[in-house]
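S.K.: Sharing a structure below in C-alpha cells format, with a few things to ask.
The values are calculated or read from the model by the stated rules, or taken from the named source; none is laboratory data. Keep in mind that what you see is a predicted model, and the values were worked out from it rather than measured. Counting neighbours? That spans all protein chains shown, and the Cβs are built from the backbone with ideal geometry, glycine included. These accessible areas exclude ligands, DNA and RNA; they are computed on the full protein's heavy atoms, side chains included. Shrake-Rupley method; radii C 1.70, N 1.55, O 1.52, S 1.80 Å.
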Amino acid sequence: MARTAAVAGRLVTISPDDARRLLERELDRADYDGARATWWDRASRHLLEWLGSFRPGGGLDSPALGTTVLWIAVVVLVAVVVVVVVARGLPHRRARTARSDDGSVFDGDDLRSARELGDTARSALRAGDWSAAVLDGYRALARGLAERDLVREVPGATARAVAGRAAPWFPEHADRIDLAAGSFDAVRYLGAEADETAARSVLDTEASVRTTRPATAPAVPT
C-alpha cells in the first residue's frame with residue numbers, strides 16, 4: 001500500500017516494496033562490500049525479508065498501520081547508511097590509507113623528493129593531521145639520506161632498516177631516528193593514531209638529521 005511522505009520539501013510516494021528495493025540497492029553498493037557476512041549483514045537481510053512481507057492485501061488494511069510501516073522503513077534505511085559508513089569507514093578514507101603489508105617505508109610509485117615530502121609533512125602538521133605528518137616526515141628523513149648518498153634506498157627497505165643504516169652516520173641522533181621509525185611503523189602498519197607530540201618529534205628529527213654533518217664514513221656498508 002503506497003503512502004505519501006514529505007522528502008526535501010516535495011511530496012513523494014514510497015511503498016514498502018520501494019523502501020525494500022532502496023535498502024537492497026544501498027547494501028549492494030561496492031563501497032559497502034565486505035569479505036564475509038557479518039552479524040549486521042544477516043540482520044539487514046532479515047529486515048529486508050520482513051519489509052517484503054508487507055504487500056497489498058497482506059493485512060495492511062489500516063491506513064494508520066500502513067503509515068507507521070512506511071516511516072519505520074524510511075528511518076531504518078537512513079540508519080543502515082549511517083551505521084555502515086561509521087562501522088566500515090568512508091570509501092575515500094580507505095583509499096587514502098591503503099598500503100602494502102611488507103613493512104616498506106615507500107610505496108612503489110612514491111617518487112617525491114625529500115623536500116616535497118617534508119613540505120607535505122609540515123602542511124599536515126599545521127592541519128592537525130598528526131598521522132600523515134609522521135608518515136611523510138619519516139619518508140622525508142629516509143629520502144634525504146638517500147639523496148645525500150648516505151643510505152642506499154633499497155626497494156622495500158623498512159623503517160627500522162633505514163634507522164639502523166643511518167645510525168653510524170649520525171650516532172648522536174641514533175635514538176631519535178629509531179624512535180621516529182617506531183612511530184612510523186605504529187601508524188602505517190599497526191593502525192595507531194599519532195598525536196601531536198609524536199608528529200613534532202619525527203619532524204624535529206628529520207630537520208636535525210638534514211642539517212647535521214654526517215660522521216666519518218662508517219665501516220659497515222649502508
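S.K.: Among the residues in the range 130-150, are any over 20 Å from Gly103 (Cβ atoms), aromatic (Phe, Trp, Tyr) and either open to solvent by less than 30 Å² (accessible area, probe 1.4 Å) or at pLDDT below 90 (or both)?
M.R.: Within the range 130-150 (the criterion being over 20 Å from Gly103 (Cβ atoms), aromatic (Phe, Trp, Tyr) and either open to solvent by less than 30 Å² (accessible area, probe 1.4 Å) or at pLDDT below 90 (or both)), the answer is no, since none of the residues qualifies.
S.K.: If you don't mind, there's one more thing I want to ask. Could you list all residues from the range 108-129 that are more than 24 Å from Leu190 (Cα to Cα), open to solvent by less than 60 Å² (accessible area, probe 1.4 Å) and of a type outside the set (S, T, N, Q)?
M.R.: Selection gives Ala114 alone.
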